[in-house]
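The values are calculated or read from the model by the stated rules, or taken from the named source; none is laboratory data. Note that the structure is a prediction, hence the values are computed from the model and not measured. Note: ideal-geometry Cβ built from the backbone for every residue, glycine included; neighbour counts use all protein chains shown.
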Amino acid sequence: MKFKVLLIEDNESSMRVLKRVIGKANLDVVYASSLTQAKVIFESTAPETYLCAVVDYTLPDAPEGQAIDYAIESFIPVIVITDRSDEYVREHILSKNVIDYIPKQNTQIFEYLSRLLARLEKNKTIGVLVVDDSTQSRNSMVSLLSRHNFITYSATTAQQGLIMLREHPEIKLMITNEYMPDMSGVALTVEARKLYGKDELSIIGISASRSSSLLAKFIKSGANDYLNKPYCHEEFFCRIVQNVEYIEQIDTIRKAANTDYLTGLPNRRHFFNKAESSIRRGLDCMTMALIDLDHFKSINDNFGHDYGDLVLKEVARLINRHFAKFHVSRFGGEEFCIFLPNVNHDDALEFVESFRLAVSKKVIKSADIRHSCTVSIGVTSQLTGKIETMLTLADEHLYAAKAKGRNQTVGDN
């Protein structure tokens, strides 16, 4: 679903720029120049269709932030923009349940807003766990996180927190108080690190203690950050976003290292890691399939390398569709590999035959080129215990399929 942003701004120049910024974020803009107009527009739409509202603090019919209250009461998260920079306005805005406020004097306002809108959409898939035995403190943090669209989880004890970490892999950040009845926050951090490394889960320690050594204890025990109570609204969110983005950046690097640049499929190294991990867990049966495009050199020679790349991409899409539950890889050139854990030989042959037929029926189009291609496949289900040995056997069967005329599957006798 494409979300909307309710923009309430009476300055025509600011409105035009803000509409462009919101549009570039791939969001629909619903515009109003006054609170009265916003009420009329909003009556005909559902609040869940809005990602947020971007509201000017001062409007002709709402000079003291009344439009902010209206949006919040309508269950729309609010970002406030204002050309007033006095401390009273800042405190007045932050006393409300807003996402953030942006002074118009800030030259980075539009860049910051663009990043904030993207962040709000991403947060809908990110879990944050708050572990704190204080109801007031816990609820306060959960409320702040909910404004930013995070999936929130809360626990009153360290043991409950560990259970939630195991049950909810979408949790990418844990905030833990130091003083709890069953285990300290530092001890919880140590236990959490046994489950997830720093590249998988960010941890922020939090405490009202002014002990300078507590920060060091948290960091040395595996925490990424530390926050003192009481904290201001803005500092809290800066720390949250910084730690979530750290996990995302690591994930982006990992994906780049593990992904074939052309097809988007996992690369050979990642495939080996996943397949070997499956074998170590113990399998009753397993199957390895090697897939090779027939006459691929002639495709490049006759139609050019750009079309050859398109063929590889289309075959990769079919592999993703047919083998979504299994480990797949582009092994290099025109060769692909599939590892099917807990799939016996007969069932595996049905899977790969269905794929082979789908490839042969696929017409790959580009400009004035209309061409079909075929694949040869070698399959083995021999329980050798070693990936390399299974690949050798599958490769022998693939060679046999080529020798028999191509466009066929050869498996174990």
Could you say whether any residue in the stretch 160-168 is part of a loop (DSSP other than H, G, I, E, B) and touching a strand residue (DSSP E or B) at 6+ places or on another chain (Cβ under 8 Å)?
-> yes
Pairs, please: C-beta under 7 Å, at least 6 apart or cross-chain, first residue assigned by TED's automatic domain parsing to the domain that holds I68 and of a type in the set (V, I, T) and in the stretch 9-24, second outside any helix (DSSP H, G or I) and modelled with pLDDT of 90 or more?
-> I22/V5; I22/L7; I22/V29
Inside the stretch 284-310, can you point out the residues that are within 17 Å of V328 (Cβ to Cβ) and not β-branched (V, I, T)?
-> M286, M288, A289, L290, D292, L293
Taking the stretch 257-270 and keeping residues in contact (Cβ under 8 Å) with a residue 40 or more places away in the chain, touching a helix residue (DSSP H, G or I) at 6+ places or on another chain (Cβ under 9 Å) and either at negative phi or in a helix (DSSP H, G or I) (or both) leaves D260, L262, T263, L265, P266, N267, H270
What's the number of the condition L215 fails, among (1) buried (at least 17 other Cβ atoms within 10 Å of the Cβ); (2) in contact (Cβ under 8 Å) with a residue 40 or more places away in the chain; (3) outside any strand (DSSP E or B)?
-> (2)
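This table checks each residue for (1) surrounded by 19 or more Cβ atoms within 10 Å (Cβ to Cβ); (2) assigned to a helix (DSSP H, G or I); (3) under 17 Å from the mean Cα position of the chain (by Cα).
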{"position": "L120", "(1), (2), (3)": "yes, yes, yes"}
{"position": "Y153", "(1), (2), (3)": "yes, no, no"}
{"position": "Y179", "(1), (2), (3)": "no, no, no"}
{"position": "G197", "(1), (2), (3)": "no, no, no"}
{"position": "E200", "(1), (2), (3)": "no, no, yes"}
The number of residues in the stretch 333-377 that are among the aromatic types (F, W, Y), touching a His at 6+ places or on another chain (Cβ under 6 Å) and assigned to a strand (DSSP E or B) is 1
Filter result for the condition that a residue is surrounded by 14 or more Cβ atoms within 10 Å (Cβ to Cβ), within 24 Å of F272 (Cβ to Cβ) and in contact with a Lys or Arg (Cβ under 6 Å, 6 or more places away or on another chain), over H397, H327 = H327
When restricted to P60, P47, P77, the only residue surrounded by fewer than 16 Cβ atoms within 10 Å (Cβ to Cβ) and modelled with pLDDT of 90 or more is P60
